[in-house]
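Input: a single structure, listed below in structure tokens.
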Amino acid sequence: MMSDDLLKAHISDTMEIAEPLLDSICASFDEMEVRKGEYVLRQGNPCRFEAYVCRGCFRIFVIDEKGNEKILYFAEADWWLMDIDSFMNRSASVLNIQALEDSVILSISQQEKDNLYQRFPTVEKFFRLMFQKAVVAWQRRLIRNHTQTALERYQYFLQKYPGIAVRVTDRHIASYLGISHEFLSKIKKKTAV
């Protein structure tokens with residue numbers, strides 16, 4: 001399936017939009033191939049895009065004052081990439097976005113997005129619905145981080161994201177869960193018994 005077709009299917013799953021409008025939306029996106037290890041955003045640079053992942057897997061992370069990486073989330077096909085704060089406020093990003101494997105994304109600039117909003121008000125509804133889903137996901141993750149044990153969070157991750165769990169390293173999973181790699185190893189030993 002071509003990248004535009006993937007994006008069209010994603011939009012159509014969210015809301016009903018006529019084919020000519022889908023074509024206009026997709027024409028506003030630029031396809032980009034990203035090699036494994038390549039960054040599409042580095043901390044300190046402004047995020048000038050929103051991107052839909054067509055193929056591959058990314059990690060979105062921050063680096064704390066001690067130089068430790070803290071993974072906020074992973075994004076695989078049919079997910080979105082961006083630093084919403086930096087994108088909306090045109091400020092320096094606090095996030096890093098790195099490809100964990102060879103990937104393909106479709107990106108849209110803020111100017112192109114604003115142009116779509118002006119030309120097709122329905123597009124704003126799509127992005128609003130998408131944003132609301134993202135906020136719900138973030139809220140649920142925050143609640144899990146504050147109410148579940150590390151073991152429960154690990155089990156949830158394996159159940160909810162089995163495709164990601166087999167594509168990323170244990171160090172990445174530990175960072176995402178907010179635990180040390182050593183502690184994750186202990187959890188895995190306990191659950192293997």
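The values are calculated or read from the model by the stated rules, or taken from the named source; none is laboratory data. All values derive from a computational prediction rather than experimental measurement. So basically every Cβ, Gly included, is an ideal-geometry build from the backbone, and we count neighbours across all protein chains shown.
Considering each residue of the range 43-91, count those that are among the basic types (Lys, Arg), closer than 29 Å to residue 2 by Cβ and either more than 13 Å from the chain's Cα centre (by Cα) or modelled with pLDDT under 95 (or both), and give that number.
1
Could you pull out the residue among 177, 151 that is farther than 17 Å from residue 76 by Cβ, touching a residue at least 40 places away in the same chain (Cβ under 8 Å) and touching a Lys or Arg at 6+ places or on another chain (Cβ under 8 Å)?
Details: 177 fails: touching a residue at least 40 places away in the same chain (Cβ under 8 Å).
Within the list 177, 151, the selection yields 151.
Specify the residue that is modelled with the lowest pLDDT; the eligible residues are those in the range 1-22 that are under 21 Å from residue 55 (Cβ atoms) and of a type outside the set (A, V, I, L, M). Talk me through it step by step, then tell me what you get.
Looking only at the range 1-22, we keep the residues that are under 21 Å from residue 55 (Cβ atoms), and these are 1-14, 22.
Those left that are additionally of a type outside the set (A, V, I, L, M): 3-5, 8, 10, 12-14.
On the way: 3: 82, 4: 87, 5: 91, 8: 92, 10: 92, 12: 91, 13: 91, 14: 89.
My answer is 3.
Could you check, for the range 54-62, whether at least one of its residues is farther than 22 Å from residue 139 by Cβ, basic (Lys, Arg) and in contact with a Leu (Cβ under 7 Å, 6 or more places away or on another chain)? Let's see the steps before the verdict.
Taking the range 54-62 as the starting set, the residues that turn out to be farther than 22 Å from residue 139 by Cβ are 54-57.
In the following step, the residues that additionally are basic (Lys, Arg) were identified as 55.
Still in the running and in contact with a Leu (Cβ under 7 Å, 6 or more places away or on another chain): none.
No - not one qualifying residue is present in the range 54-62.
State whether the residues of the range 107-123 include one that is crowded, with 16+ Cβ neighbours inside 10 Å, under 16 Å from the mean Cα position of the chain (by Cα) and in contact (Cβ under 8 Å) with a residue 12 or more places away in the chain.
Within the range 107-123, one or more residues are crowded, with 16+ Cβ neighbours inside 10 Å, under 16 Å from the mean Cα position of the chain (by Cα) and in contact (Cβ under 8 Å) with a residue 12 or more places away in the chain.
Among the listed residues 87, 126, 58, which satisfies the condition of being in contact (Cβ under 8 Å) with a residue 24 or more places away in the chain, in contact with a Ser or Thr (Cβ under 9 Å, 6 or more places away or on another chain) and part of a strand (DSSP E or B)? Walk me through how you get there before you give the answer.
Numbers: 87 fails: part of a strand (DSSP E or B); 126 fails: part of a strand (DSSP E or B).
One residue alone meets the criteria, 58.
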